[in-house]
Amino acid sequence: MGKITWEYLAGFTDGEGSLGVVGKGTRITWGNTDKAVMDAIVEFLRGHGFPVNYYSVEKKAPWKRIYMANITQKKEMLRIINLLQPLVITKVFQCENVRQWILAKDKKSSVDFDTVMNFRKDGFSWADIAKTMHIKYLKLRNLLIDRGVLPNMEYSKKQLTYRARDDAQKSGKCINCFQPRGDNGTQLHCRPCADRRNDWKRNRLRRKRCAMASQTA
Ligand SMILES: [Zn+2]
């Protein structure tokens, strides 16, 4: 097997390859029954740092087993298109098509920083802004980190309650009244709180039974 070059791969792509938008992503695929050729191509691509999926598909006789290689990651697709597009002959349109699709997708998923900061001026929390703009909070956070606006950690009321309870439990306090649990306490509550809680549970059960009894009566 001679040495693979980008020119060779471009020609091979013209003949044996296909690329385009498939479902929610993009894909470039090569397929051939000659294992030696495909091995060499995959080795060449992996040598250039491309994450290549390489597999073979059994075909019914009289066809031979076909060896398939593909690349799907958006970033890598853009990289390989930049290398192949100037060299291919029949797949120029497909290359451009995939490139435009990826660029449009990136543009769509980019967040307008000014809009975010305007929301912030109006007193929205970062989480609320993310929700309003239909993006993930983590994505917004990454943008803010990129722009040097590092948001402080913000906790919701519920989260604050959970944190306070966790801290109380760790330091041997009751998670209800935050007083020391004492020797008579349970793992979470002091004795008075535990008793009150047990009472409440018992009463709830009683109320349930009453309700059921009145229904059946
Ligand atoms: Zn308590």
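The values are calculated or read from the model by the stated rules, or taken from the named source; none is laboratory data. Quick caveat: nothing in here was measured; it's all calculated off a predicted structure. Virtual Cβ from ideal backbone geometry, glycine too; neighbours counted across all protein chains shown.
Test A164 against the criterion of being more than 21 Å from the chain's Cα centre (by Cα) and farther than 23 Å from G15 by Cα, and give yes or no. Full working, then the answer.
On the way: more than 21 Å from the chain's Cα centre (by Cα): yes; farther than 23 Å from G15 by Cα: yes.
Here the answer is yes, as A164 does meet what is asked.
Considering segment 7-19 alone, what residues qualify as being surrounded by 15 or more Cβ atoms within 10 Å (Cβ to Cβ) and under 35 Å from the mean Cα position of the chain (by Cα)? Lay out the reasoning, then the answer.
The initial filter retains those residues of segment 7-19 that are surrounded by 15 or more Cβ atoms within 10 Å (Cβ to Cβ), namely 8-14, 16-17, 19.
Passing the criteria: L9, A10, F12, T13, D14, E16, G17, L19.
Would you say T90 is surrounded by fewer than 16 Cβ atoms within 10 Å (Cβ to Cβ) and not assigned by TED's automatic domain parsing to the domain that holds S18? Quick ask: steps written out before the conclusion?
On the way: surrounded by fewer than 16 Cβ atoms within 10 Å (Cβ to Cβ): yes; not assigned by TED's automatic domain parsing to the domain that holds S18: no.
Judged against the criteria, T90 is not a match.
Would it be correct to say that C177 is surrounded by 11 or more Cβ atoms within 10 Å (Cβ to Cβ), in a helix (DSSP H, G or I) and within 13 Å of the ligand (Cβ to nearest atom)? Give the steps one after another, and end with the answer.
Numbers: surrounded by 11 or more Cβ atoms within 10 Å (Cβ to Cβ): yes; in a helix (DSSP H, G or I): no; within 13 Å of the ligand (Cβ to nearest atom): yes.
Spelling it out, it is not the case that C177 is surrounded by 11 or more Cβ atoms within 10 Å (Cβ to Cβ), in a helix (DSSP H, G or I) and within 13 Å of the ligand (Cβ to nearest atom).
Could you please find all residues in segment 174-186 being touching a residue at least 12 places away in the same chain (Cβ under 8 Å) and on the phi < 0 side of the Ramachandran plot?
So in segment 174-186, the residues touching a residue at least 12 places away in the same chain (Cβ under 8 Å) come out as 174-178.
Across segment 174-186, the qualifying residues are C174, I175, N176, C177.
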